[in-house]
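Here the structure is laid out as structure tokens; the discussion comes afterwards.
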Amino acid sequence: MTMILTCLTKDFIVQASDRRLSIVDGNNVRPREDHSNKALIYSNCFVFAYTGLAKLDSQSAIDWAAQQLSEKENIGESVLHLGNRASDLMNSSYSHLSSDKKRLTFVGAGFANVDRKPLRIVISNFRGENDTVLAQARKEFTVYFDWLPERRNFELLVAGRQFSKDKKIEINNLIRSCLRQKKGPETIGRLLTLKIQEKADEDKAVGKNIMCTFVPRAYSDRVEYHFGAVLLENPINSTEPQRLEPVKLVSVHDRFALPPPFDAPRFVYIAGDNKAQPYHGPILVLPGLPGSVMQMSVAEMSIVIPPVQTQPVDAGEI
């Protein structure tokens with residue numbers, strides 16, 4: 001199980017998901033690992049994450065989904081194909097599992113059609129009406145398309161583990177305040193990350209390692225993906241070139257720096273222990289190009305800079 005928070009606004013999408021895999025048996029939760037990727041970026045206009053059954057056809061569920069999404073030319077065809085393939089697989093290779101063990105949901109969000117309207121897509125075998133959750137999985141996956149209502153500035157959607165009603169009201173009020181103050185997507189990303197990490201303190205099925213992905217409404221037609229900013233050590237005065245490495249620890253606040261222009265998908269990885277390395281990325285999917293699925297991970301990095309010398313300033317010199 002996991003927690004997926006998806007915030008739709010008129011100008012950008014932010015999706016945050018934790019990376020914990022756990023075994024849930026009734027009220028008993030046993031964490032299994034904390035570094036499993038559950039997120040992908042589709043083309044330059046959609047992000048996805050999943051909750052539920054973690055392995056499909058000897059792959060992680062998100063790797064398997066990425067392959068299905070890459071086989072069609074556009075988002076509409078891709079998600080219908082994903083739902084059909086998931087139904088086929090669940091009713092063949094996984095028919096022996098009890099229906100409560102087969103529950104699986106993929107949550108996508110981005111901008112669609114020529115007007116680039118904010119859209120959430122849910123491909124699920126256990127979603128009921130009005131986002132309710134069914135205890136037992138259906139035999140078929142259903143694809144739901146939920147547009148951001150015209151009169152709404154944003155909508156926060158929660159999948160997987162849930163917040164209490166009061167907590168969700170609190171988070172919605174915080175997002176509303178951020179948008180009213182014209183805060184950017186990085187502020188929303190920080191908020192969603194911290195709220196998932198708070199949930200992890202009380203829920204063993206949720207982890208503190210978070211992947212946060214972004215899509216701007218103003219994306220360009222070229223396909224590009226960008227890391228968030230990486231903080232490097234401060235240089236010192238030196239007559240020789242210097243090799244700078246990332247700082248060892250980075251706060252959640254400092255992780256979220258999205259240098260302009262914000263015209264392409266971004267992703268930010270937040271380690272629960274605040275360590276800067278390794279820095280993981282989501283899966284990247286190019287539509288209509290099967291086999292083009294990619295994933296980036298940076299174990300270490302450094303940069304060499306020229307000599308740094310501070311020259312004294314004479315009195316009266318400007």
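When the residues of segment 180-191 are filtered to those that are in contact (Cβ under 8 Å) with a residue 24 or more places away in the chain and in contact with a helix residue (DSSP H, G or I) (Cβ under 8 Å, 6 or more places away or on another chain), which remaining residue is surrounded by the most Cβ atoms within 10 Å (Cβ to Cβ)?
I188
Identify the residue in segment 47-92 that is among the polar types (S, T, N, Q) and in contact (Cβ under 8 Å) with a residue 60 or more places away in the chain and, among all such residues, is surrounded by the fewest Cβ atoms within 10 Å (Cβ to Cβ).
Ranking the candidates gives N74 first.
Determine if segment 274-283 includes at least one residue that is at positive phi, in contact with a strand residue (DSSP E or B) (Cβ under 8 Å, 6 or more places away or on another chain) and at pLDDT 90 or above.
yes
Output the residues belonging to segment 203-251 that are at pLDDT below 95 and of a type in the set (F, W, Y).
Answer for segment 203-251, where residues must be at pLDDT below 95 and of a type in the set (F, W, Y): Y219, Y225, F227.
Give all pairs with beta carbons closer than 6 Å in which a residue from segment 128-151 that is surrounded by 12 or more Cβ atoms within 10 Å (Cβ to Cβ) meets a residue that is of a type in the set (K, R); count only pairs at least 6 apart in sequence or on separate chains.
A137/K102; A137/R103; D146/R120; W147/K117
If I go through segment 236-262 residue by residue, how many of them are of a type outside the set (A, V, I, L, M, F, W, C) and surrounded by 15 or more Cβ atoms within 10 Å (Cβ to Cβ)?
Number of matching residues: 4.
Quickly run through segment 74-112 and pick out the residues that are of a type in the set (D, E) and within 14 Å of F145 (Cβ to Cβ).
E77
Can you tell which of V206, V215 is of a type in the set (A, V, I, L, M), part of a loop (DSSP other than H, G, I, E, B) and surrounded by 12 or more Cβ atoms within 10 Å (Cβ to Cβ)?
V206
Could you grab me the full set of residues in segment 119-145 that are within 16 Å of the chain's Cα centre (by Cα) and of a type outside the set (V, I, T)?
Correct list: L119, R120.
Quick one: in segment 106-119, which of the residues that are surrounded by fewer than 23 Cβ atoms within 10 Å (Cβ to Cβ) and not hydrophobic (A, V, I, L, M, F, W, C) is modelled with the lowest pLDDT?
Our first condition is that a residue be surrounded by fewer than 23 Cβ atoms within 10 Å (Cβ to Cβ); within segment 106-119, this holds for 112-117, 119.
If we keep only those that are not hydrophobic (A, V, I, L, M, F, W, C) too, we end up with 113, 115-117.
Numbers: N113: 82, D115: 88, R116: 92, K117: 94.
Checked segment 106-119; the qualifying residue modelled with the lowest pLDDT is N113.
Considering only segment 86-107, state which residues are aliphatic (A, V, I, L, M) and over 27 Å from the mean Cα position of the chain (by Cα).
The answer is L97, and nothing else.
Taking E233, is it surrounded by fewer than 17 Cβ atoms within 10 Å (Cβ to Cβ) and among the acidic types (D, E)?
Answer is yes for this residue.
The values are calculated or read from the model by the stated rules, or taken from the named source; none is laboratory data. These figures come from a predicted structure and were not determined experimentally. Positions of Cβ are generated from backbone atoms using ideal geometry, with glycine treated the same way; all protein chains shown enter the neighbour counts.
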